[in-house]
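Everything below concerns the one structure shown next.
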Amino acid sequence: KKLGLGLLTLTCLANLACKSEEKKKDIAAVSETKKTPNVVVIYLDDLGYGDVGAYGATEIETPNMDALASGGVRFTNGYATSATCTPSRFGLLTGVYPWRNEKARILSGSAPLLIDTAQYTLPKMLKEHGYHTGIVGKWHLGLGSGNMNWNESIKPGPNEVGFDESYILAATQDRVPTVYIENDKVDGLDPKDPIEVSYSKNFEGEPTGKDNPEMLTMKWEHGHNNSIVNGIPRIGFMKGGDAAKWSDVDMADHFLAKAQAYVKEHKNEPFFLYYALQQPHVPRTPHPRFVGSSGMGPRGDVIVEADWCIGEFIKTLEEEGVLENTLIIFSSDNGPVLNDGYYDDAVEKLGDHDPNGPLRGGKYSLFEAGTRVPFITYWKGTITPGVSDAIVCQMDLLSSLAALNGDDQTYGDSQNLLDVLLGKSETGRNKLMLQAGSKTFLRKDNWVMIPPYKGSFVAKSVNIEIGSMPDFQLYNLNEDLEQQKNLAKENPEKLQEMIKEYTKIRGV
Ligand code: NG6
Ligand code: CA
């Protein structure tokens, strides 16, 4: 049999026309041996419900995101688990409500790993089903077990919670350490120039954004006045590691190249890639070729840049012959913010663009724009394009993708919504306990109930309505998507029903 194949190859080699035939067969053979598709999660950072053309944006062009929407299922009620990054990513990967873990709050760059290494996770599940698993991009779920030495093996991290391969930034683009980490090592570290990181005090003699404004190419507005890297003041202090420091303007290209390389390397086996882009989180640092591309300043420009990255990445899937065998899930970790601590014209140059779309609030908010995000599933040739109003949550990927692999169990708080994600059913969740900071609220059918909370209604620094009120809030999203009319007094029966349900889930 082997000899026969060898002969066939030989004859084919002699004949160029035969070569493309061979390639086609190759691709067919690859997809045949795979029972289930590759899975790619494309995850943006702080991209708002209204930032995407397919979700109604008219002032900014996102043709590649729109192509996913028009060729896939566009969810109008797709949710992250939280209005900030760390808890949302925790929910996405574990299938567990982040409010069950008190430590699931915005983490510093030196925080220990948040996910228990014994926790079942999305990548672990897919690994069990024969997938190779990789992450490229933003992590922000902590690393190590406290007192990290960045010059040695950085463990535990993504590789200990299910990823075979990882290429990440530790926390956020605005937090130190400003280096890439490949598996358990800082990429490009010169051992003669060790890295030190502190979130409590500066290292002697090191400039800071606060004391050395003359060194800055980007000005801080609130927070962000510690160590300066590439002229940008960051959160946290860092010393050394010069050769390993990333170039902010090249970050998008850098992660894209890593994501493309991952696909090329693993196209012949089932793979799961979590491609976590850093845009449009602060500091917004578009590559020079995107500067001015949106007319909206850096925030718009990095959205255009991210859209381009997505287009290039999908081209790679296509060129490598795996696009029709890949389920893509596109979403964002939380809602939008304009001024998140730097002067970058996000407010001044916004024009008529509304990153919230029709929703109230934004990043950090109890209102819809905090957690309701663009959410698209795309599987060329398999998913029938459409729009779905079903309630789906990123946390549901674990059980749904387990079902895709023939495992009908449900895990943690994750529901099996496979048919919904594939556009075959409109029956999504009927309830979902969402969170902003440490505050939770309940979405049930078309109703939202926000319990009374202390704290200010508006977060002044970012100019976003967080939504904390001394009284219960009740909204009917069918009639009032903009959450303008609190029905708590008008509809005490509904309110009581919602409180009962809330208490049942939260146990408080
Ligand atoms: C906040 C930062 C904000 C952003 C956020 C995390 C300040 C004043 N603000 O603490 O700029 O980094 O944390 O964003 O420091 S997230 O998308 O990763 O949750
Ligand atoms: Ca975020």
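Values computed for the structure shown
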{"read-out": "Residue within the range 146-153 that is surrounded by 24 or more Cβ atoms within 10 Å (Cβ to Cβ) and not aromatic (Phe, Trp, Tyr) present", "value": "no"}
{"read-out": "Tally of residues being hydrophobic (A, V, I, L, M, F, W, C), open to solvent by 30 Å² or more (accessible area, probe 1.4 Å) and more than 14 Å from ligand 1 (Cβ to nearest atom) across the range 229-270", "value": "4"}
{"read-out": "Matching entry among Tyr453, Tyr502, Tyr475, Tyr411 (being touching a Leu at 6+ places or on another chain (Cβ under 9 Å), under 29 Å from Gly341 (Cα atoms) and either away from ligand 1 (no atom under 16 Å from the Cβ) or free of Cβ contacts under 8 Å to residues at least 40 places away in the same chain (or both))", "value": "Tyr453"}
{"read-out": "Qualifying residue in the range 381-391 (condition: more than 30 Å from Gly209 (Cα to Cα), crowded, with 24+ Cβ neighbours inside 10 Å, modelled with pLDDT of 95 or more and away from ligand 1 (no atom under 16 Å from the Cβ))", "value": "yes"}
{"read-out": "Residue list for the range 203-221, filter: open to solvent by less than 50 Å² (accessible area, probe 1.4 Å) and part of a loop (DSSP other than H, G, I, E, B)", "value": "Phe203, Pro207, Gly209, Asn212, Leu216, Met218"}
{"read-out": "Yes/no for Leu113 being open to solvent by 10 Å² or more (accessible area, probe 1.4 Å) and within 25 Å of Asp174 (Cα to Cα)", "value": "yes"}
{"read-out": "Residues located in the range 70-99, provided they are surrounded by fewer than 24 Cβ atoms within 10 Å (Cβ to Cβ) and more than 16 Å from ligand 1 (Cβ to nearest atom)", "value": "Ser70, Gly71, Thr76, Asn77, Val96"}
{"read-out": "Residue ID - nearest to ligand 1 (Cβ to nearest atom), chosen from residues in the range 333-359 that are under 17 Å from Gly437 (Cα atoms) and of a type outside the set (Asp, Glu)", "value": "Asn334"}
{"read-out": "Condition met for Ser108 (of a type in the set (Ser, Thr, Tyr), open to solvent by 10 Å² or more (accessible area, probe 1.4 Å), more than 15 Å from the chain's Cα centre (by Cα) and within 16 Å of ligand 2 (Cβ to nearest atom))", "value": "yes"}
{"read-out": "Any hit, the range 312-319, residues being within 16 Å of ligand 2 (Cβ to nearest atom) and either crowded, with 23+ Cβ neighbours inside 10 Å or over 21 Å from the mean Cα position of the chain (by Cα) (or both)", "value": "no"}
{"read-out": "Residues located in the range 289-311, provided they are under 13 Å from His353 (Cα atoms) and open to solvent by 20 Å² or more (accessible area, probe 1.4 Å)", "value": "Ser294, Gly295"}
{"read-out": "Number of positions in the range 260-313 that are assigned to a helix (DSSP H, G or I) and either touching a Phe, Trp or Tyr at 6+ places or on another chain (Cβ under 8 Å) or not basic (Lys, Arg) (or both)", "value": "23"}
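The values are calculated or read from the model by the stated rules, or taken from the named source; none is laboratory data. Because the structure is predicted, anything quoted here is derived from the model rather than measured. Heads up, the Cβs are rebuilt from the backbone with ideal geometry, glycines too, and the neighbour counts pull from every protein chain shown. To get the accessible areas, we keep the full protein, side chains included, count just its heavy atoms, and leave off ligands, DNA and RNA. Shrake-Rupley method; radii C 1.70, N 1.55, O 1.52, S 1.80 Å.
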